[in-house]
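Here's the structure, in structure tokens; my notes come after.
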Ligand SMILES: [Zn+2]
């Protein structure tokens with residue numbers, strides 16, 4: 001009788017620490033490092049949204065458990081985010097421009113819809129706009145925004161970056177990147193911000209047209225390299241073209257975007273065996 005009781009209590013004792021042992025094994029990673037740039041009041045607001053999401057699954061985002069350093073572990077489809085060797089964004093270091101690779105734009109006034117997709121503000125374009133790079137045609141699908149910039153220019157992140165995402169018939173992606181700095185207000189950005197849908201996930205048709213030509217700088221010198229999507233699934237083979245010359249948006253326009261998305265830029269990725277070429 002006595003020995004049974006001892007055995008029972010031994011069993012109970014040994015079963016208790018088992019749980020904490022397992023959870024300990026699962027969390028042997030370093031705690032996520034906080035990003036430096038997000039102002040405090042915004043990160044608190046984001047924290048609340050995060051708790052709601054945690055109820056079902058960890059959703060990708062830009063901080064905490066869903067942050068960029070964990071993207072590759074959140075879903076097997078996101079594996080390239082941690083194993084890929086040709087990832088974006090990268091640091092673009094200025095070199096004297098090489099000649100001979102003009103990007104030809106075939107853009108015109110277009111109907112658009114504006115979407116708040118929960119990760120950024122996105123402008124979807126009706127079909128008809130395209131660019132050609134070395135004879136290959138890429139159709140413009142959408143433009144969206146990041147804060148701060150994703151690409152660095154000679155080691156410096158800038159206030160914002162806009163990506164114009166194009167896709168070829170065979171599914172290849174080419175992105176035009178436009179660095180946005182503080183200065184004179186941008187009239188198209190103003191119109192877009194005024195028409196952001198109230199609900200995340202919603203889209204809004206607007207009664208004005210946008211010519212994508214008005215979103216990119218007049219000086220067309222740009223950095224080219226082959227990289228990836230800067231959001232999960234981090235697919236590679238993306239033809240990146242980031243203009244050297246920034247476009248201005250006002251301080252108010254930057255702050256208005258940051259009210260919704262205080263920080264949605266992926267950290268700089270290693271260049272590895274790639275080269276970036278500055279073309280004009
Ligand atoms: Zn982007």
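The values are calculated or read from the model by the stated rules, or taken from the named source; none is laboratory data. Values in this document were obtained by computation on a predicted structure and should not be read as measured data. Glycine also receives a Cβ, built like all others from the backbone with ideal geometry; neighbour counts cover every protein chain displayed.
Yes or no: residue 103 in contact (Cβ under 8 Å) with a residue 60 or more places away in the chain, more than 22 Å from residue 236 (Cβ to Cβ) and surrounded by 14 or more Cβ atoms within 10 Å (Cβ to Cβ)? Taking the combined requirement at face value, the residue does not satisfy it.
Per the listing 233, 217, the residue uniquely modelled with pLDDT of 95 or more, assigned to a loop (DSSP other than H, G, I, E, B) and in contact with a helix residue (DSSP H, G or I) (Cβ under 6 Å, 6 or more places away or on another chain) is 233. Could you please let me know if residue 75 is modelled with pLDDT of 90 or more, over 22 Å from residue 163 (Cα atoms) and under 18 Å from the mean Cα position of the chain (by Cα)? Answer is yes for this residue. Scanning segment 204-214 for residues that are in a strand (DSSP E or B) and in contact with a helix residue (DSSP H, G or I) (Cβ under 9 Å, 6 or more places away or on another chain), we see that the one that is surrounded by the fewest Cβ atoms within 10 Å (Cβ to Cβ) is 208. Residues that are assigned to a loop (DSSP other than H, G, I, E, B), more than 12 Å from the ligand (Cβ to nearest atom), in contact (Cβ under 8 Å) with a residue 40 or more places away in the chain and closer than 26 Å to residue 78 by Cα do occur in segment 248-265.
If you check 169, 190 for being surrounded by fewer than 17 Cβ atoms within 10 Å (Cβ to Cβ) and either part of a strand (DSSP E or B) or touching a helix residue (DSSP H, G or I) at 6+ places or on another chain (Cβ under 8 Å) (or both), only one passes: 190.
Restricting attention to segment 126-162, and to residues there that are over 30 Å from residue 206 (Cα atoms) and not in a loop (DSSP other than H, G, I, E, B), which single residue is nearest to the ligand (Cβ to nearest atom)? It comes out as 152.
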